[in-house]
Amino acid sequence: MELISERSYNLMREADTALKEIYEEIDRTAIINTGRVINAFRNNRVSESHFAASTGYGYDDPGRTVTEKVFAEVFGKEKALVRHSIVNGTQAITIGLFGLLRPGDTMLTITGRPYDTLEEVIGLNGKKGMGSLADFGISYRQCELGDDFSGMLDEKVKVVHIQRSRGYGQRPTLSPDEITKITRFVHANSKAYVMVDNCYGEFTCTEEPEADLIVGSLIKNPGGGIALTGGYLAGSAEAIELASYRLTSPGTGGEVGCTLGQTRNMLLGFWMAPHTVAQALKTAAFSAYIFEKAGFDVSPKYNEKRYDLIQTVTLHAPEKLEAFCRAIQHNSPIDSFVTPEPWDMPGYSDKVIMAAGTFTGGSTIELSADAPMRAPYTVFMQGGLTFESGKLSMLAALEAVLGQ
Ligand SMILES: *Cc1c(COP(=O)(O)O)cnc(C)c1O
């Protein structure tokens, strides 16, 4: 092969042999999930007419309605909101939180400090006047993953918030089973709703967690690399109705929202998503193997069960971190000629370096990597639309790192 060195080629063959059972398990998950998606498309009689673009109010748009039914069915929920007009995962989570919480209520997070972008939504940074939950008199409490929170479940707690993925932290990711157990415990012991930040988790397992709301982004797993933008919320009919009044306005709710022709991409992406997620999971397991073999600390390890797409590799040197990100960028389909540089990203204390050459701006179901420039120089990577491109990128990243 001309594209990669003989050393890389041999390493790839070795990894593929060692990972055979891991790949089989990922394939098994993908086929079960594909079956669930096929059933939902059939049960809801998806047809080409559902791709028609609506404009304006979009009352009773059939494509929007069917898309939301398909998502709800696959995710095992009563109802869903699936909208291209939700700009990102943060907005989807915000809609859920403001939909469920009222002044005087408490939000309780039981998985440690939430994803960075939620700090301003909750009002954790002390800034006033942006209309955060804190500005509306909603209190916030938090404990670490695994802490006994039963003593914190007083009658003021209206939402128990669970972040499934490790995000940019070092804690393990929660499995759907673990979340389901927590949901049942919360429901048995309080009147609180359980809301799950499901980002990066969808389709990595054969079911999604039980909860009043699960929420995510369409430029991650459930968009399958095809959806151009958007977010979803799925859950109980009651929780989705409350969220719908925040999505649009009280009273109007989910009955409006034109599709502007985005329904086809969302449905095609959702159809592809079990497969695309499998490509990303294999890319992650492959990279864990080759970097671990080369002596780096990785998490999860190649043979650990995965409940999200995120893989970390600890490189212990700034030059190695930069080399890694440059190699990912140079093997991307878009902007392969760009050289990523560490920069002062607003809201972060250290410089951050990012590699992402994606068809969809900022999409992280496509192969991407980022890292704060600080010891121990851990890179967070995720995604990969095809396993083949994922492998070539990771082999190039390893060569670049070893060349430093
Ligand atoms: C991606 C992500 C979000 C939302 O981020 P956006 O960039 O707004 O889509 C929230 N939580 C977790 C764990 C995430 O991975």
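The values are calculated or read from the model by the stated rules, or taken from the named source; none is laboratory data. This structure is a prediction, so every number in the text was calculated from the model and none was measured. Please note: Cβ atoms are built from the backbone with ideal geometry, for glycine as well, and neighbour counts cover all protein chains shown.
Residue under question is Gly96, and the condition is that it be touching a helix residue (DSSP H, G or I) at 6+ places or on another chain (Cβ under 7 Å) and among the small types (Gly, Ala, Ser); does it hold? Judged against the criteria, Gly96 is a match. Examine the range 384-402 for a residue that is closer than 28 Å to Ile226 by Cβ, surrounded by 20 or more Cβ atoms within 10 Å (Cβ to Cβ) and under 16 Å from the mean Cα position of the chain (by Cα), and state whether such a residue exists. Yes: one or more hits. Of the residues Asp147, Asp135, which is away from the ligand (no atom under 14 Å from the Cβ) and part of a helix (DSSP H, G or I)? Step by step, each of Asp147, Asp135 is checked, and only Asp135 is away from the ligand (no atom under 14 Å from the Cβ) and part of a helix (DSSP H, G or I).
Can you spot a residue in the range 72-79 that is under 30 Å from Phe149 (Cβ atoms) and surrounded by fewer than 17 Cβ atoms within 10 Å (Cβ to Cβ)? Scanning the range 72-79, I find at least one residue that is under 30 Å from Phe149 (Cβ atoms) and surrounded by fewer than 17 Cβ atoms within 10 Å (Cβ to Cβ), so the answer is yes.
The set of residues in the range 39-51 being part of a loop (DSSP other than H, G, I, E, B) and in contact (Cβ under 8 Å) with a residue 24 or more places away in the chain consists of Asn44, Val46. What number goes with the only condition from (1) free of Cβ contacts under 8 Å to residues at least 60 places away in the same chain; (2) over 21 Å from Glu202 (Cβ atoms); (3) crowded, with 22+ Cβ neighbours inside 10 Å that Ile290 does not pass? Of everything listed in (1) free of Cβ contacts under 8 Å to residues at least 60 places away in the same chain; (2) over 21 Å from Glu202 (Cβ atoms); (3) crowded, with 22+ Cβ neighbours inside 10 Å, Ile290 misses just condition (1). Within the set Leu268, Leu260, the sole residue that is more than 16 Å from the ligand (Cβ to nearest atom), more than 27 Å from Leu100 (Cβ to Cβ) and assigned to a loop (DSSP other than H, G, I, E, B) turns out to be Leu260.
Of the residues making up the range 327-360, those that are in a loop (DSSP other than H, G, I, E, B) and touching a residue at least 24 places away in the same chain (Cβ under 8 Å) are Asn331, Ser332, Pro333, Ile334, Pro342, Gly347, Tyr348, Asp350, Gly357, Thr358, Phe359, Thr360. Checked against (1) surrounded by fewer than 21 Cβ atoms within 10 Å (Cβ to Cβ); (2) among the polar types (S, T, N, Q); (3) within 22 Å of the chain's Cα centre (by Cα), Ser47 passes all but a single condition, namely (3). Every listed requirement among (1) assigned to a helix (DSSP H, G or I); (2) at pLDDT 95 or above is met by Glu155 save one, (1). The set of residues in the range 244-283 being aliphatic (A, V, I, L, M), touching a strand residue (DSSP E or B) at 6+ places or on another chain (Cβ under 9 Å) and not assigned by TED's automatic domain parsing to the domain that holds Glu208 consists of Ala280 alone.
Determine, yes or no, whether Phe296 is away from the ligand (no atom under 16 Å from the Cβ), under 15 Å from the mean Cα position of the chain (by Cα) and not basic (Lys, Arg). Judged against the criteria, Phe296 is not a match.
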